[in-house]
1. Just to be sure before I move on: is B:Tyr90 crowded, with 19+ Cβ neighbours inside 10 Å, of a type in the set (Ser, Thr, Tyr) and without any contact (Cβ under 8 Å) to a residue 24 or more places away in the chain in the structure I sent?
2. Consider the range A:90-99. How many of its residues are more than 8 Å from chain B (Cβ to nearest Cβ) and surrounded by fewer than 23 Cβ atoms within 10 Å (Cβ to Cβ)?
3. Of all residues in the range A:46-83, count the ones that are surrounded by fewer than 20 Cβ atoms within 10 Å (Cβ to Cβ) and free of Cβ contacts under 8 Å to residues at least 12 places away in the same chain.
4. Among the listed residues A:Ala81, A:Ala103, which satisfies the condition of being among the small types (Gly, Ala, Ser) and either more than 10 Å from chain B (Cβ to nearest Cβ) or assigned to a strand (DSSP E or B) (or both)?
5. Looking at the range A:4-39 only, could you name the residues that are within 11 Å of chain B (Cβ to nearest Cβ), in a loop (DSSP other than H, G, I, E, B) and closer than 12 Å to A:Thr105 by Cβ?
6. Only residues in the range A:93-108 that are at pLDDT 90 or above count as the first member; pair them with residues that are surrounded by fewer than 21 Cβ atoms within 10 Å (Cβ to Cβ) and of a type in the set (D, E, K, R), Cβ under 9 angstrom, at least 6 apart or cross-chain, and list the lot.
7. Is it true that A:Asn61 is part of a helix (DSSP H, G or I) and more than 10 Å from chain B (Cβ to nearest Cβ)?
8. Go over the candidates A:Glu15, A:Glu66, A:Glu88 one by one and state the one that is among the acidic types (Asp, Glu) and over 15 Å from the mean Cα position of the chain (by Cα).
Amino acid sequence: AQSVTQLGSHVSVSEGALVLLRCNYSSSVPPYLFWYVQYPNQGLQLLLKYTTGATLVKGINGFEAEFKKSETSFHLTKPSAHMSDAAEYFCAASFNYQLIWGAGTKLIIKP
Amino acid sequence: DTGVSQNPRHKITKRGQNVTFRCDPISEHNRLYWYRQTLGQGPEFLTYFQNEAQLEKSRLLSDRFSAERPKGSFSTLEIQRTEQGDSAMYLCASSLRPSLTSGVINEQFFGPGTRLTVL
């Protein structure tokens, strides 16, 4: 069965440090992949998506993600964390036009 | 505001009562989705509509749940005889229909959600 796994329910980094949030998918056919961010008491907002073409995808707020088919991964990175990045991040994959979601990773930024 | 809106934002009800939530999608979007999200989990798909047609329902959607999109615009999600296990955030999203030629799935735009608490 298709699935999306996010490693680490919580990730804590210092302000200015590299952010790395991990996402792996399970599927025989590479899906389309998405990262969404959810701030407290708000809906989900798309950060970036991979469909076809360039495997390094740039999104909003300085985030980017790289699709690696051999590793079935789509990890999210940001070179320098900012306090405003504190939120929950969800990876999702589309299978037959439906989205399957990871459990989310809460990003904590230490001053 | 031209985003997805949901009402109410919060609903507290007693076990056994019926509740109804409303979602107003982005006007030109023909697809509308309902998800449920519990604490510490990602959204779980419940159902989706293409225009007024309900095309898929998850096994999570028991017979106490019903969703409608009568005119292909707004949608309602009703839960009958609520149970404490129904307490969750109910999210609505809308999108354009995926491209049948390129196969590209379009972004889903989410509303702020309705938080349901069943006492």
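1. Details: crowded, with 19+ Cβ neighbours inside 10 Å: yes; of a type in the set (Ser, Thr, Tyr): yes; without any contact (Cβ under 8 Å) to a residue 24 or more places away in the chain: no.
Considered against the rule, which asks whether it is crowded, with 19+ Cβ neighbours inside 10 Å, of a type in the set (Ser, Thr, Tyr) and without any contact (Cβ under 8 Å) to a residue 24 or more places away in the chain, B:Tyr90 comes out as no.
2. So the count comes out to 2.
3. 7
4. On the way: A:Ala103 fails: either more than 10 Å from chain B (Cβ to nearest Cβ) or assigned to a strand (DSSP E or B) (or both).
Just one listed residue meets the conditions, A:Ala81.
5. A:Ser9
6. Qualifying pairs under 9 Å: A:Trp101/B:Glu44; A:Gly104/A:Glu88; A:Thr105/A:Arg22; A:Thr105/A:Glu88; A:Lys106/A:Glu88; A:Leu107/A:Asp85; A:Leu107/A:Glu88.
7. Values: part of a helix (DSSP H, G or I): yes; more than 10 Å from chain B (Cβ to nearest Cβ): yes.
Judged against the criteria, A:Asn61 is a match.
8. Working: A:Glu66 fails: over 15 Å from the mean Cα position of the chain (by Cα); A:Glu88 fails: over 15 Å from the mean Cα position of the chain (by Cα).
The unique qualifying residue is A:Glu15.
The values are calculated or read from the model by the stated rules, or taken from the named source; none is laboratory data. Here the structure is a predicted model, which is why all the values come from computation and not from measurement. Here the Cβ is made from the backbone with ideal geometry for all residues, glycine too, and neighbour counts use every protein chain on show.
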